[in-house]
Structure formats: C-alpha cells, structure tokens
1. Is there a quick way to get the dipole size of the range 58-135? I mean about its Cα centre, with the Cβ of Lys and Arg at +1 and of Asp and Glu at -1; what is the value in debye to the nearest 20?
2. How big, in percent, is the set of alpha carbon pairs in the range 1-126 lying more than 24 Å apart?
Amino acid sequence: MSEIARRAGTSVATLSRYESGWSRFEVQTLRKLATALDCNLSVELSPLPKAKPVSAGVTQVVSQLSRLFWDRPLARNDLEEHPDWVLERVLEYGTLKDIQVLREFMGHRCFVERVSALARLSPRTASFWKQILEMEGITCTKKYSRNTAWIS
C-alpha cells in the first residue's frame, strides 16, 4: 500500500480511509490514485430511487435539524422568521436527509429560489449549489460574500 500511496502522491492513511468506505473524496486525489493503479477514473451520476414523499411538519423538521444549531436552539418560528439562516446552516453542515426534509418543508421552488439568493456560504458550498442551481435553470442572484477567512 505504501508503494501505491507514493505513486499517487498521497498518504497511506488517505488510502486506508478510502478502503474503509470514507465518503469524502477529493477528485484530484482520486485522479492520482487511478493513475497510480493504471486505471481510468469515471464518475457516474444516476438518479436516486423515488422515495415516498414525506410531508414534514414543523415539529419533524425542527427535530431533524436541531443538532445543526449548536450556538442557539432551533425554534419552530425560526423556520418562518429566519429561513435563510436555517437554510445556510443546513447546506453547510447538514446531511442529504436534512436537505431533503427542508426542501420538502419549504417546497422545491421556494427552496431553490432561496438558495440562489444566499450570500453567506463557504466558497466550496456556494460553488456546489451554483452548479445544482444551473441544472435547475436558475442563476445565482447574489455574489457570495465570504471570500476570506472561511473557517470550517
């Protein structure tokens, strides 16, 4: 394994994480690894199976998302009074399930329109959602403001 790590320009620990099912891949590292193994790297996107729609009520949404709000407890009225704050937190720190629950609660159209107007996302998150929104045919209306001193 150390020989492959050397050829890929990465660490044995990184290879070990990949072998153990680590899901936070860096594409550049995967490219180097594929080259070191004399392989092609291909990424395939396929639609998720349609899940039964779950109409999430306010209580369910707050319960699902509360762990993401460590600095101030998420309250029921925050979903209506501070939707951008909730949305930013979920996009930055939430899981796919968290995003799905919030999108269903807000409604798809409202969700993507609000995402397009967010201004306080990390550069990585902003770039990701910009690409998603472009696939939806929506251009971002705000320039993301966190260009410096992003701590994650």
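1. Details: 11 positive and 11 negative charges, 37 e Å.
Dipole size: approximately 180 debye.
2. Working: 3752 of 7875 pairs.
Beyond 24 Å sits 48 percent of the P(r) for the range 1-126.
Laboratory data are not the source of any read-out in this text; all were calculated from the coordinates shown. The structure displayed is predicted, hence computed values, not measured ones. Ideal geometry is used to build each Cβ from the backbone, glycine not excepted, and the neighbour counts take in all protein chains shown.
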